[in-house]
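I have placed the structure first, in the form of structure tokens, so that the comments after it can refer back to it.
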Amino acid sequence: MTRTSLAVLMTTLLACALLSGCSEPQPAATATTTPAPPASGATPAASHPDVFRFRIGTLDAAALKDGDIDAANDGKTFGVGQPTEQVAALLAAAGQPSDVLHLSIQPLLVRSGTRILLFDTGAADASFARAGRLPATLRAAGVEPSQVSDVFISHRHPDHVGGLLTREGALAFPNATIHLTAPEWEALKQDRDAAALVAAITPKVAAFQPGAALLPGVVTAVPVDGHTPGHSAYEIASGDERLLYIGDSAHHFVVSVQRPEWTVQYDENAPLAQPSRRALLQRAADDNLRIYAVHFPFPGLGHINPQGDSFVWQPER
């Protein structure tokens with residue numbers, strides 16, 4: 001074989017080998033690491049454990065952990081008048097400790113255009129809570145207190161208004177308008193223990209009538225009677241998407257939801273709060289409302305599902 005013919009043969013063999021290699025099956029495209037789209041409007045988890053980012057339509061939102069409250073199952077707080085064994089059985093059936101009821105505290109942050117909205121302000125240094133983390137979680141979410149434009153208060157109890165002032169007694173959100181119902185503002189002004197708070201926030205308060213549209217197309221107040229004189233939930237909207245911030249309409253994700261008629265010591269008018277709570281839960285179940293529950297396990301996002309003649313909490317995660 002001549003040198004020329006040998007070169008031609010080698011070239012032919014190499015070409016065949018390359019063609020053979022190209023004809024072998026290739027790995028499927030699904031083997032790449034392309035991430036799946038987030039479910040139910042959620043965005044990827046925040047790097048800070050006390051911040052949970054999600055979306056309401058086109059609005060950016062975040063659950064901000066402030067702290068926790070523990071209430072003993074002693075018949076004095078939840079299921080007042082019920083045998084503690086019955087409360088314990090309900091908790092145990094849900095996989096919860098039977099001697100204590102755990103409540104989370106998580107104000108809600110929402111960005112709407114140039115406005116930064118905060119729903120309730122946590123418990124700060126309240127003696128009954130392990131709280132006060134809101135300033136840190138707010139900054140972890142990328143917001144300075146001075147940037148908050150609107151604070152929406154569900155009611156005057158300390159675990160919801162405690163964060164309105166700094167430890168030095170100054171306004172924690174100096175540039176924010178503070179929204180709460182007129183009946184709740186009157187009740188707060190009558191509270192002698194809240195005199196310093198009232199004096200500090202008075203120039204910033206914008207009291208409204210229950211059920212008012214506060215930021216048209218974005219925030220509407222929703223009256224929920226019985227907990228306090230002017231307790232308010234808030235509907236937050238973006239296009240066709242809705243989120244209902246329920247305040248203290250329901251406190252515990254098992255007891256309050258599965259037994260809405262049981263008396264809760266926190267309710268100032270329990271006979272009124274009980275049917276009001278059931279009505280809200282029924283509406284949430286019937287309309288498949290997306291709920292934000294400030295005291296349910298962090299981050300407090302989920303739905304109310306019917307269960308027999310009662311309801312059950314279904315968290316988003």
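Points worth noting:
- As a summary of the residue check, Pro229 satisfies the conditions (1) surrounded by fewer than 22 Cβ atoms within 10 Å (Cβ to Cβ); (2) over 26 Å from Gly79 (Cα atoms) except for the one numbered (2).
- Count of residues meeting criterion [without any contact (Cβ under 8 Å) to a residue 24 or more places away in the chain, touching a Ser or Thr at 6+ places or on another chain (Cβ under 7 Å) and not in a loop (DSSP other than H, G, I, E, B)] in segment 67-110: 2
- Entry remark, segment 276-317: residues being on the phi > 0 side of the Ramachandran plot and touching a residue at least 40 places away in the same chain (Cβ under 8 Å) number 1 in total.
- Selection count where residues are more than 18 Å from the chain's Cα centre (by Cα), within 14 Å of Val205 (Cβ to Cβ) and hydrophobic (A, V, I, L, M, F, W, C), scope segment 143-185: 9
- Unique match (being under 29 Å from Pro315 (Cα atoms), in contact (Cβ under 8 Å) with a residue 40 or more places away in the chain and of a type outside the set (S, T, N, Q)) among Ala273, Ala187, Ala212: Ala273
- Here the condition is being of a type in the set (D, E, K, R) and either buried (at least 24 other Cβ atoms within 10 Å of the Cβ) or at pLDDT below 95 (or both); of Arg277, Arg242, Arg259, it holds for Arg277 alone.
- Number of positions in segment 47-66 that are part of a strand (DSSP E or B) and either in contact with a Lys or Arg (Cβ under 7 Å, 6 or more places away or on another chain) or aliphatic (A, V, I, L, M) (or both): 8
The values are calculated or read from the model by the stated rules, or taken from the named source; none is laboratory data. Since this is a predicted model, take the numbers as computed values, not measurements. So basically every Cβ, Gly included, is an ideal-geometry build from the backbone, and we count neighbours across all protein chains shown.
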